[in-house]
1. For segment A:99-111, enumerate the residues that are closer than 18 Å to A:L52 by Cα, surrounded by fewer than 24 Cβ atoms within 10 Å (Cβ to Cβ) and either among the aliphatic types (A, V, I, L, M) or more than 10 Å from chain B (Cβ to nearest Cβ) (or both).
2. Here is a check on your reading of the model: is B:N96 polar (S, T, N, Q), modelled with pLDDT of 95 or more and closer than 27 Å to A:A76 by Cα?
3. A:V180 versus (1) surrounded by fewer than 24 Cβ atoms within 10 Å (Cβ to Cβ); (2) part of a strand (DSSP E or B): which is the lone unmet condition?
4. Just to be sure I understand, how many residues within segment A:249-281 are hydroxyl-bearing (S, T, Y), within 12 Å of A:G55 (Cβ to Cβ) and in contact with a strand residue (DSSP E or B) (Cβ under 8 Å, 6 or more places away or on another chain)?
5. Tell me whether segment A:326-334 contains one or more residues that are in contact with a Pro (Cβ under 7 Å, 6 or more places away or on another chain) and either of a type outside the set (K, R) or surrounded by 16 or more Cβ atoms within 10 Å (Cβ to Cβ) (or both).
6. When segment B:71-84 is examined, which residues are found to be on the phi < 0 side of the Ramachandran plot and either touching a residue at least 12 places away in the same chain (Cβ under 8 Å) or of a type in the set (S, T, N, Q) (or both)?
7. Does segment B:33-83 hold any residues that are within 13 Å of chain A (Cβ to nearest Cβ) and part of a loop (DSSP other than H, G, I, E, B), and which are they?
8. Restricting attention to segment B:100-123, which residues are facing another protein chain (nearest Cβ under 10 Å) and either surrounded by fewer than 24 Cβ atoms within 10 Å (Cβ to Cβ) or of a type outside the set (A, V, I, L, M) (or both)?
Amino acid sequence: MATSTRPERKESSADAAALHRQYLRHMLLIRRFEEKAGEAYSLGKIGGFCHLYIGQEAVAVGAITGLRPDDYVTSAYREHGQALARGIPPRAVMAELFGKATGCSHGKGGSMHLFDANLGFLGGHGIVGSHIPIAAGAAFAIKYRGGDQVSVCFFGEAAANIGAFHEALNMASLWDLPAVFICENNGYGMGTAVARASAVQQLSVRGNAYDMPAEMVDGQDVAVVREAVDRAVARARKESKPTLLELRTYRYVGHSMSDAAHGTYRTKDEVEEYRRRDPIKLLAERMRNAGTLDDAGYAALDAEVKAEVEDAYAFAESSPDPDPAALYADVYAPGGR
Amino acid sequence: MAVMTYRDALNQALREEMHRDDRVFLMGEEVAEYDGAYKVSRGLLKEFGARRVVDTPIAELGFAGIGVGAAMVGLRPVIEMMTWNFALLAIDQIVNAAAKMRYMSGGQLGVPIVFRGPGGAALQLGAQHSQSFESWYAHVPGLKVVMPATPADAKGLLKSAIRDDNPVIFIEGEMLYNNKGEVPEGEYTTPIGSADIKRPGRDVTFVCHAKTVSVALKAAEQLAAEGVEAEVLDLRTIRPLDIEAILSSVAKTNRCVVVEEGWPFAGVGAEVVDVIQREAFDALDAPIIRVTGADVPMPYNKQLEKAAKADPAKVVAAAKQVLYLA
């Protein structure tokens, strides 16, 4: 069982600088997008459940930026970050949160069901752990067709306690499926701490049960995430073997918009402690030390993504609701009943 | 016309569709090396190899989900449930994923998949192995539910199910596998959503499906000896329901008995009765009567089990009641 905490890549090259800038922009975009989504939710513009990704940005960005356009990405219901990192335009994601016809699921899915078939983004699933076999199924299809794509699946650590996780990982390993299972361990399933839900505290050890390579990874350091996911993706693409990655991360906000950031199940101090290893701060500091970012550069980048988020917000707000006839559309395939 | 068993007709459908389309594969418990728990997949591993005939661990939820994921990205899985009793473990994938993926993705990602296997009671298998779940699945928008009663329908409907772009729940009859019947030679399909008159009659309509088709036919035979001509309408598909066929039969006979294996509460018959009372109230000369499985878990004891099942005597009695002959 390997444990990754430090990047192996040299960071002085121009390539690394460009890559870091790309990471920073993606993470800032997700952060600002989620802040705006939280604001919109409070104003009643977003309904239902809304699970924000603030604090976990390095996971989605580090994991997805290295994928090929024809790979598959499947996620759970805290998936705004992955959707944006995969390249679904902020306008389409925000419009979906608003339930508008211009949303990436045409207003039929909402916050928990973001889809983009063209980007291989297979959801957006609201039943804990249910999408892990689905992602394994996409990997099965890749192998069936003799392709070299990879199916990447994101899920929270609480999903590692449900049967679907175990059944999917067993078959993925048994059949050598090209899948990467990314367990985002943010410490809590809703308000239940890992220690109160799992017999093992290090979830990556569960790879042993399925003879699957596994790593525990620092999920706050985007470069470390990228390195670990690159290794797993290479294993899937070249050897058609699955990997389980446990990415240690933390969500600053409540489980959903209807629950406080701290109070009953964790303390304010704990949240503040984790904020010190904020993934955006961590990367920005590294870039400053390398001389590739200064305050003005950071401010400009932040202003740029904020403008993009404002544009998405305005777009979502001015977009039309789905046509009333959409109610009965897409229940069955065209021509069916 | 060739005469073959219901089992062999299904086998032929799978074989033909797998030859026709490389995207079609069969996955489930014991489907490959064991040749199928009920031998529906006999010979397929030998013919198509392990890539396309895939044995699974006992993990219904897991392999149902793998089927859903594979279907979302372009394959056409046929997922065998050893029996529909075990599919309860997979119902999250069927209902929460397969049935609504197209809708919640705004039409982007369909799930062309067939979940198939035997349903209903066999003989003395007890409460956990003797259940009819068609009304559960038929309740769910996004699913189609198909239940063939004869070898010819089994083959034609399974071929249609595999070609359908929607998730199809295909419930076979554990007690039907050995039944023989004529099956057309050559290529044919039977359309989903179309009922079939298995015996024409003018006095009373028996609406039935799957195993209860033979129950209704036996009842019709007995009644014919007494001068009553019953029409036996085999639904073949539960969803979408062939409302037109039901209404046109009732318009002719003015009386109806709905027969099903499943439990009475919120059963398939309840839906049929609702449609008839709304659309053909004036055509009815008597209240519709339902003959169902008893509203109990299936008992093991042979006599109790017999008492729990819909049988020809119960259908005859119901027919006499709606004909005011009782």
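1. Within segment A:99-111, A:G99 is the sole residue that qualifies.
2. Numbers: polar (S, T, N, Q): yes; modelled with pLDDT of 95 or more: yes; closer than 27 Å to A:A76 by Cα: yes.
Answer is yes for this residue.
3. Single failed check for A:V180: (1).
4. Applying the first criterion (hydroxyl-bearing (S, T, Y)) to segment A:249-281 yields A:249-250, A:252, A:256, A:258, A:264-265, A:267, A:274.
With within 12 Å of A:G55 (Cβ to Cβ) added as a condition, the list becomes A:249-250, A:252, A:274.
In the following step, the residues that additionally are in contact with a strand residue (DSSP E or B) (Cβ under 8 Å, 6 or more places away or on another chain) were identified as A:249.
Final tally of qualifying residues: 1.
5. Initial filter on segment A:326-334 (in contact with a Pro (Cβ under 7 Å, 6 or more places away or on another chain)): A:331.
Going one step further and asking which of them are either of a type outside the set (K, R) or surrounded by 16 or more Cβ atoms within 10 Å (Cβ to Cβ) (or both), we end up with A:331.
Yes, that holds for at least one residue.
6. Of all residues in segment B:71-84, those on the phi < 0 side of the Ramachandran plot come to B:71-73, B:75-84.
B:A71, B:M72, B:L75, B:R76, B:P77, B:V78, B:I79, B:E80, B:M81, B:M82, B:T83, B:W84, listed by residue number.
7. At the first step, the residues of segment B:33-83 found to be within 13 Å of chain A (Cβ to nearest Cβ) are B:48-77, B:79.
B:G49, B:A50, B:R51, B:R52, B:T56, B:P57, B:I58, B:A59, B:V73, B:G74, B:L75 - these are the residues of segment B:33-83 that are within 13 Å of chain A (Cβ to nearest Cβ) and part of a loop (DSSP other than H, G, I, E, B).
8. B:K100, B:R102, B:Y103, B:S105, B:G106, B:G107, B:Q108, B:L109, B:G110, B:P112, listed by residue number.
The values are calculated or read from the model by the stated rules, or taken from the named source; none is laboratory data. Computed from a prediction, not measured in an experiment: that's the story for all the values here. Cβ atoms come from the backbone with ideal geometry, glycine included; neighbour counts cover every protein chain shown.
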